[in-house]
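Since every read-out is calculated from the coordinates, none of them should be taken as a lab result. Quick caveat: nothing in here was measured; it's all calculated off a predicted structure. Because the Cβ atoms are built from the backbone with ideal geometry, glycine has one as well, and the counts that use them run over all protein chains shown.
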Amino acid sequence: MTREEFCSRLGIGSATLQLWTSEGWLLLDDTGSSSASLSEIDLARGQLIRHLGDEFGVNADGIGIILDLLDQVHGLRSVLREVLQSSAARAER
């Protein structure tokens, strides 16, 4: 989806999207092109950011911390999955 579609689906303005990218909460291309492709995963992350700020009252620093922790959890899950697969492969030998 384009940046415009992304903003429309989230109900945010382009300035908010720019803020989120400058905070590092969303990783988009840095060309500033309005035709940048955003995924459903980006949209889900955007929805989480909106919920944290709007519904739970989390401030910008808190949102950054929460997103960093979530990213770490996802990274650790990937590592754990690889370790388990490696262990299973060794057990089969």
Subject >> Among the candidates 79, 83, residue that is in a helix (DSSP H, G or I), of a type in the set (A, V, I, L, M, F, W, C) and within 29 Å of residue 23 (Cβ to Cβ) >> reply: 79
Original post:
Is at least one residue of region 45-54 touching a residue at least 24 places away in the same chain (Cβ under 8 Å) and not in a helix (DSSP H, G or I)?
Top reply: no
**OP:** Please work out which residue is nearest to residue 39 (Cα to Cα), limiting yourself to region 1-27 and to residues that are outside any helix (DSSP H, G or I) and of a type in the set (A, V, I, L, M).
**Re:** 1
